Amino acid sequence: MYALAINGSPHMGNGNTAKILIPFLEGMKEAGASVDLFYTAKMNIGSCNGDMSCWFVNPGICGQNDDMKMLLPKIKEADIIIWASPVYYSGITGPLKTVMDRQLPAHVMGENRSKVQKAVLVSTCDAWELSMFDPLLVQMKSIYNRPDGGYQFAGALLRPMAEGMKEMIKAGEMGLIEGIFESAREAGHQLVKEGRISEEIQQAVSRELMPRDAYYKAAQEMIEQMKKSS
Ligand SMILES: Cc1cc2nc3c(=O)[nH]c(=O)nc-3n(C[C@H](O)[C@H](O)[C@H](O)COP(=O)(O)O)c2cc1C
């Protein structure tokens, strides 16, 4: 089983999104999957020019000469594709959306897929509200749960309050966040072994760490402190 993960965070391996993604990928490897991870920030990938030549003129071939040449065969081959991104203005980051757009040659008309490609979303955001991820989920389901089959959305690991989580890690206060990373790892095991991530595990990754008002109050206090010390 081959899994391809693409992380669209500019913070790459040091970011909040990586804190969920890395144990998830480790879990997948432990369960026997072969995993590749790429960061959009390390790749040179231009915007889709929209000429549709990859569909009609040279089916399956993109005329642009950049890192998509290396990534496209991997996207085609992947049994599982993992889109990882922080929430930026209610969506995925621009560079990750660019990779999504540039997949078109791998999804050309009339393509006969011999297997179902599963897709997973891994995302983090600053807000307390889990609903912050709704637009991203709508996008993923719309792309992958298509009536023509061949693709399937297999679940999402969503971590709201991620900036709070980062501060807790910095302060060594692991009590509240204990279990989140272990659940992400377990999600990787489940996906490889059972082909899906259970609701229970998804909820464990997203679980509430503190009441909404307390979170925003602590965030405000931290901003005030940062202003004072700068
Ligand atoms: C340009 C920008 C836009 C953002 N938009 C949102 C947003 O709409 N909602 C939200 O909750 N957090 C938003 N955030 C916060 C990030 O989603 C959050 O800090 C995330 O955990 C960062 O992940 P990373 O460290 O992997 O990059 C935004 C951050 C930036 C820099």
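The values are calculated or read from the model by the stated rules, or taken from the named source; none is laboratory data. Since this is a predicted model, take the numbers as computed values, not measurements. All Cβ positions, even for glycine, are placed from backbone atoms using ideal geometry, and neighbour counts span all protein chains on display. Ligands, DNA and RNA are stripped out before the accessible areas are found, and what is left, the full protein with its side chains, is counted by its heavy atoms. Shrake-Rupley method; radii C 1.70, N 1.55, O 1.52, S 1.80 Å.
Could you tell me how many of the residues in region 162-207 are more than 30 Å from residue 1 (Cβ to Cβ) and within 20 Å of the chain's Cα centre (by Cα)? If you could, list the steps in order and put the result at the bottom.
From region 162-207, those more than 30 Å from residue 1 (Cβ to Cβ) are 163-164, 166-176; that's our starting set.
Okay, now just the ones that are also within 20 Å of the chain's Cα centre (by Cα), so 163-164, 166.
Summing the residues that are more than 30 Å from residue 1 (Cβ to Cβ) and within 20 Å of the chain's Cα centre (by Cα) in region 162-207 gives 3.
Sort out which residues of region 144-174 are over 30 Å from residue 113 (Cα atoms), within 16 Å of the ligand (Cβ to nearest atom) and of a type outside the set (Gly, Ala, Ser), and write them in order of number.
Taking region 144-174 and keeping what is over 30 Å from residue 113 (Cα atoms), we get 159-174.
From what's left, within 16 Å of the ligand (Cβ to nearest atom): 159-170.
Passing the criteria: 159, 160, 161, 163, 165, 166, 167, 168, 169, 170.
Which residues, taken from region 177-230, are of a type in the set (A, V, I, L, M, F, W, C) and farther than 18 Å from residue 23 by Cα? Quick ask: steps written out before the conclusion?
Step one: filter region 177-230 for residues of a type in the set (A, V, I, L, M, F, W, C), giving 177, 180-181, 184, 187, 191-192, 197, 201, 204-205, 209-210, 214, 218-219, 222-223, 226.
Hits for region 177-230 are 209, 210, 214, 218, 219, 222, 223, 226.
Could you say whether any residue in region 79-86 is of a type in the set (Asp, Glu), in contact (Cβ under 8 Å) with a residue 40 or more places away in the chain and within 18 Å of residue 155 (Cα to Cα)?
Step one: filter region 79-86 for residues of a type in the set (Asp, Glu), giving 79.
Subsequent filtering for residues that are in contact (Cβ under 8 Å) with a residue 40 or more places away in the chain retains 79.
Next, only the ones that are within 18 Å of residue 155 (Cα to Cα) stay: 79.
Yes; the residues of region 79-86 include at least one that is of a type in the set (Asp, Glu), in contact (Cβ under 8 Å) with a residue 40 or more places away in the chain and within 18 Å of residue 155 (Cα to Cα).
Scan 164, 155, 149 and give me the residue that is modelled with pLDDT under 95 and open to solvent by less than 20 Å² (accessible area, probe 1.4 Å). Can you show your working first?
Details: 155 fails: modelled with pLDDT under 95; 149 fails: open to solvent by less than 20 Å² (accessible area, probe 1.4 Å).
Only one candidate passes the filter, namely 164.
Of everything in region 122-153, what is of a type in the set (Phe, Trp, Tyr) and outside any loop (DSSP other than H, G, I, E, B)? Give them in sequence order.
Applying the first criterion (of a type in the set (Phe, Trp, Tyr)) to region 122-153 yields 128, 133, 144, 151, 153.
Answer for region 122-153, where residues must be of a type in the set (Phe, Trp, Tyr) and outside any loop (DSSP other than H, G, I, E, B): 133, 144, 151, 153.
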